[in-house]
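Data first, discussion second: the structure below is written as structure tokens.
The values are calculated or read from the model by the stated rules, or taken from the named source; none is laboratory data. It should be emphasised that the depicted structure is a prediction, and the values quoted were computed from it without experimental measurement. All Cβ positions, glycine included, derive from the backbone under ideal geometry; neighbour counts span all protein chains shown. Protein only, heavy atoms only, side chains kept; ligands, DNA and RNA dropped before computing areas. Shrake-Rupley method; radii C 1.70, N 1.55, O 1.52, S 1.80 Å.
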Amino acid sequence: KDFSKRALYDMFSIVFQDVNIFGCSIIENVVGEDNSPSARAKAIDCLNRVGLKEKIESLPNKYDTQMLKILDDEGVELSGGQNQKIAIARALYKDANMVILDEPTAALDALAEASIYKSFDDLVQSKTAIYISHRLSSTKFCDKIALFTKNGLEEYGNHEELMAKKGIYYSMFMTQGKYYKEGGEDNE
């Protein structure tokens, strides 16, 4: 109640599992209407930091490439994982104090997911970040992990503490780890 709605919006960057890509350039998908040189430089940095530099620079118009074919027959349609990286770049660009990621890497394979989380952890630095995920490979670097079931909060601690408990988290982590090692997951 102490904050206006606008102030609350400014405090949070959110990356959802379902990404909306707009029928405009790659840069505009990150910055919106700000076409200043500083906004462009910041957006390019964010896109590069999420691992899209090689892909974008392979496109004819690079960062100015139009997305989707709605407005431009030459528009590109990126993969689900690449679209999620654009959404993560948006969150980085916004530079809010609190970042919430709700299954932001669901369209990525386990290795790409680990790479994004590692770099994102480096990028958020002093910000508060909340990661919501069913895949526990994304939890190892978290300061604290809250495991919820239909009964509410079941376990809380860091990765090492929860593994030592040998409870629900341990069981799920071991099961998922075996699944990745056996190559049973293909989320691209």
Residue within segment 45-56 that is touching a Gly at 6+ places or on another chain (Cβ under 6 Å) and either of a type outside the set (Gly, Ala, Ser) or without any contact (Cβ under 8 Å) to a residue 60 or more places away in the chain (or both) present: no
By my count, helices (runs of 4 or more DSSP H) wholly in segment 70-188 with at least 3 residues that are at pLDDT below 90 and surrounded by fewer than 17 Cβ atoms within 10 Å (Cβ to Cβ) are 110-124, 168-181
Limited to segment 1-33, what total is found for residues that are closer than 26 Å to residue 74 by Cβ and open to solvent by less than 70 Å² (accessible area, probe 1.4 Å)? 11
Within segment 34-50, track down each residue that is open to solvent by less than 50 Å² (accessible area, probe 1.4 Å) and assigned to a loop (DSSP other than H, G, I, E, B). 36, 50
Of the candidates 6, 40, the one satisfying the condition of being closer than 21 Å to residue 128 by Cα and out of contact with any Cys (no Cβ under 8 Å at 6 or more places or on another chain) is 6
